[in-house]
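The block underneath contains the structure these notes are about, expressed in structure tokens.
The values are calculated or read from the model by the stated rules, or taken from the named source; none is laboratory data. Every value quoted in this text rests on a predicted model; they were computed, and no experiment measured them. Glycine also receives a Cβ, built like all others from the backbone with ideal geometry; neighbour counts cover every protein chain displayed.
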Number of protein chains: 2
Amino acid sequence: MTYSKVKYENLKELCDLVFEKFGFSAEDSQSITDVLLLADLYGIESHGIQRLVKYYSEIKNGLINVSSDVKIVKETPVSATIDGQAGMGQLIGKKAMNLAIKKAKTSGMGMVVVRNSNHYGIAGYYAKMAEEQGLLGISMTNSPAVIVPTFGREAMLGTNPIAISMPAEPYPFLMDMATSVVTRGKIEVYNKRKEPLPLGLALNIDGEDTEDPHDILYNVPRKLGGGLLPLGGSKELTGGHKGYGFALAVEMFTAILSGGFTGDKVHLDGKGGSGTCHYFFAVDYGIFGDKKDIEESFSNYLKKLRESKKAKGAARIYTHGEKEVEAYNDKMKNGIPMNDSTLKEISDICEYFDIKFNDYIKILK
Amino acid sequence: MTYSKVKYENLKELCDLVFEKFGFSAEDSQSITDVLLLADLYGIESHGIQRLVKYYSEIKNGLINVSSDVKIVKETPVSATIDGQAGMGQLIGKKAMNLAIKKAKTSGMGMVVVRNSNHYGIAGYYAKMAEEQGLLGISMTNSPAVIVPTFGREAMLGTNPIAISMPAEPYPFLMDMATSVVTRGKIEVYNKRKEPLPLGLALNIDGEDTEDPHDILYNVPRKLGGGLLPLGGSKELTGGHKGYGFALAVEMFTAILSGGFTGDKVHLDGKGGSGTCHYFFAVDYGIFGDKKDIEESFSNYLKKLRESKKAKGAARIYTHGEKEVEAYNDKMKNGIPMNDSTLKEISDICEYFDIKFNDYIKILK
């Protein structure tokens, strides 16, 4: 697989246009593009523009309803329960987090749970929305079951990422991580490269360690058995039950609180919405103390971590969010790497919609 | 090391009396005993009655102030910041969680952060306090630095447990887990048994994998280097940066929000308090939907997880909190296993306080 670099601005312009062709308003299209391309800017290719065509097929299949709006089912000064009505996940996610932020600004905190949504992109986007408003932000989502519980061989929980963000200088804190050892996207990379999986990432149909990416990519969507291991691996000794606990807690915060589907019921190929559930939480930490003091002590501690002694052979210690800032700056300056097959897919969809692909996409030399 | 079983009631009576001898009121003594013995009933020996003597030495060293009361530094209808004033962690923790619960009952949620406290026992106790009131409960605490950041060789974060609990039938959900692969207590067990550590749990002074428990038990408290690995291990491939992220988030929720000490500054041997920080959160999930419906769907999902297909060779899939209920019932019926050295320590302290050990402690046959 070869990669070519394309300017962010070119991708943005094209992406906005394509979403309009999908049936979204200009404003909504820009909103979706913004979430999608932040993933590419952060180097999370799996959740970026490469999903464009996938979203279109989900719209055509009736999984995503282009014209539905969210419905607030229940609300208090600190909370809301939203029915996403099978809309586009990114639009639902932004509305939900904006509502949480508004509540945090008036009541100190705002927690919004969402049912009946769809894939919403990177969880970190929503946590970061709160961070950019000077708040602490958390977002989680469930997804179609792919993680097996400890001692199991049947995927029962989504990859269930947890994202947390809070202001700090010079790198805002931003962690955004699946509760599996690795994401399904990583398994796809091994598959494309025709490389065996390292042991400790995934299980086959019988619940045994597997090196074959096929065991995940083919068997799991067909509910034949097997799945990704939770963070910590297959054994209690290495803390597998802990990752399983975090994945389960995400199901609780998203699906159980919102009255929606747990990961084992979230589906990708059905009609009328995937039933994906999300969680959004914003906290104005000024309710605990002086905001400047809190931010300063956090920045100092993160710096101390980065500057602490390195293990033999290690060059650098990161804090969460640092790599994202560096990737963002690099890609804004030098372009976003696009793999050939994604470019081909986008070119095809442009042809279908009568968009002149070459007018928009200039490969950087 | 041999174990003898002792009745819960015997231990409770003795423990209450000993804490009174330490200088606590009868009510406070019972309160502390309750936290301590729940750990033993759950089978978490490291956080149970075996800490009795340790707490006494911390009182004598001036680390724990027997007569101080908590001070509310800042408060809103949904939050409070508490200065623990170097009191006993269990008493501070219970007051803080009770305040969070009170706020949750009137405002929907209550978040309380605490600085300047001491070791508070098992985090799960406080999460469970909320669960017993029909709420969702979360508690976290930092502790003296023992976890190394990914690619580091210097302990910079506490073991930083996260506990989450929520009502469900027949087993309430209760996860309570250090964000390291294993706790320091587990390392002590290998040391006592003179067994080498499995690789992947801890690092030596140079930041290399170690099999020697001494590297943790001797080097880390002396700040010589090395430490426990975060959940996920030493590599990014196995998700070590994820466990590091969770440990760091705990420092943020406890120390940073409360304006207290981060793990690298929390100390065990100093004067005037260890500076330990805690976090308590209670949510009345009735703000999101019908409580009965939520509880029922959660119970059903947990049951489905337990009944899902087992991996080859595995007998049983657990949900978090199930083992604790079984351990509790077993130990209430059959007694709490006490190891010889703990019994000897308690017998010594009884002699010191003129308590007739044998009047209280009857070894079960």
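Looking at the structure I just gave you, is A:Phe280 touching a strand residue (DSSP E or B) at 6+ places or on another chain (Cβ under 9 Å) and over 26 Å from A:Leu91 (Cα atoms)?
no
So is B:Ile256 free of Cβ contacts under 8 Å to residues at least 24 places away in the same chain, β-branched (Val, Ile, Thr) and within 11 Å of chain A (Cβ to nearest Cβ) or not? Explain how you work it out, then say what you get.
On the way: free of Cβ contacts under 8 Å to residues at least 24 places away in the same chain: yes; β-branched (Val, Ile, Thr): yes; within 11 Å of chain A (Cβ to nearest Cβ): yes.
In short, yes.
Confirm whether B:Val78 is within 30 Å of A:Lys291 (Cα to Cα) and at pLDDT 95 or above.
Numbers: within 30 Å of A:Lys291 (Cα to Cα): yes; at pLDDT 95 or above: yes.
Yes.
I need a count of the residues in the stretch B:277-293 that are out of contact with any Phe, Trp or Tyr (no Cβ under 7 Å at 6 or more places or on another chain) and either away from every other protein chain (no Cβ under 11 Å) or not in a loop (DSSP other than H, G, I, E, B) (or both). Talk me through it step by step, then tell me what you get.
Step one: list which residues in the stretch B:277-293 are out of contact with any Phe, Trp or Tyr (no Cβ under 7 Å at 6 or more places or on another chain), which gives B:281-290, B:292-293.
Now drop any that are not either away from every other protein chain (no Cβ under 11 Å) or not in a loop (DSSP other than H, G, I, E, B) (or both), which leaves B:281-283, B:285-287, B:292-293.
Qualifying residue count, the stretch B:277-293: 8.
Filter the stretch B:142-160 for residues that are outside any loop (DSSP other than H, G, I, E, B), closer than 23 Å to B:Met175 by Cβ and touching a Ser or Thr at 6+ places or on another chain (Cβ under 6 Å) and give the result.
Answer for the stretch B:142-160, where residues must be outside any loop (DSSP other than H, G, I, E, B), closer than 23 Å to B:Met175 by Cβ and touching a Ser or Thr at 6+ places or on another chain (Cβ under 6 Å): just B:Ile147.
Suppose we filter B:Glu296, B:Glu326, B:Glu345 for residues that are surrounded by 16 or more Cβ atoms within 10 Å (Cβ to Cβ) and not in a loop (DSSP other than H, G, I, E, B); which single one remains?
Every option except B:Glu345 fails the conditions.
Does any residue in the stretch B:43-54 that is more than 13 Å from B:Arg184 (Cβ to Cβ) come within less than 6 Å, Cβ to Cβ, of a residue that is polar (S, T, N, Q) six or more places away or on a different chain, and which pairs are these?
If the second residue must be polar (S, T, N, Q), the pairs left are B:Gln50/B:Thr342.
Kindly provide the set of residues from the stretch B:88-107 that are in contact with a helix residue (DSSP H, G or I) (Cβ under 9 Å, 6 or more places away or on another chain) and either surrounded by fewer than 22 Cβ atoms within 10 Å (Cβ to Cβ) or of a type outside the set (S, T, N, Q) (or both), ordered by number.
B:Met88, B:Gly89, B:Leu91, B:Gly93, B:Lys94, B:Ala96, B:Met97, B:Asn98, B:Ala100, B:Ile101, B:Ala104, B:Ser107, listed by residue number.
From the list B:Asp176, B:Asp206, exactly one residue is at the interface with another protein chain (Cβ under 10 Å from one of its Cβ atoms), outside any helix (DSSP H, G or I), modelled with pLDDT of 95 or more and under 30 Å from B:Ser297 (Cα atoms). Which is it? Before you say what the answer is, go through the steps one by one.
Numbers: B:Asp206 fails: under 30 Å from B:Ser297 (Cα atoms).
Selected residue: B:Asp176, the only one of B:Asp176, B:Asp206 that is at the interface with another protein chain (Cβ under 10 Å from one of its Cβ atoms), outside any helix (DSSP H, G or I), modelled with pLDDT of 95 or more and under 30 Å from B:Ser297 (Cα atoms).
Which count do you get for residues in the stretch A:144-167 that are within 11 Å of chain B (Cβ to nearest Cβ) and either over 22 Å from the mean Cα position of the chain (by Cα) or among the polar types (S, T, N, Q) (or both)?
Number of matching residues: 6.
Let me confirm something: among A:Glu188, A:Glu208, which residue is of a type outside the set (Ser, Thr, Tyr), in contact with a Lys or Arg (Cβ under 9 Å, 6 or more places away or on another chain) and surrounded by fewer than 23 Cβ atoms within 10 Å (Cβ to Cβ)?
Checking each option against the conditions leaves just A:Glu208.
To keep it simple, each residue is scored yes or no on (1) surrounded by fewer than 20 Cβ atoms within 10 Å (Cβ to Cβ); (2) within 15 Å of the chain's Cα centre (by Cα); (3) not aliphatic (A, V, I, L, M); (4) not assigned by TED's automatic domain parsing to the domain that holds A:Ala127.
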residue	(1), (2), (3), (4)
A:Val6	no, no, no, yes
A:Lys12	yes, no, yes, yes
A:Glu20	yes, no, yes, yes
A:Ser25	yes, no, yes, yes
A:Asp34	yes, yes, yes, yes
A:Gly48	no, yes, yes, yes
A:Val73	yes, no, no, no
A:Gln85	yes, no, yes, no
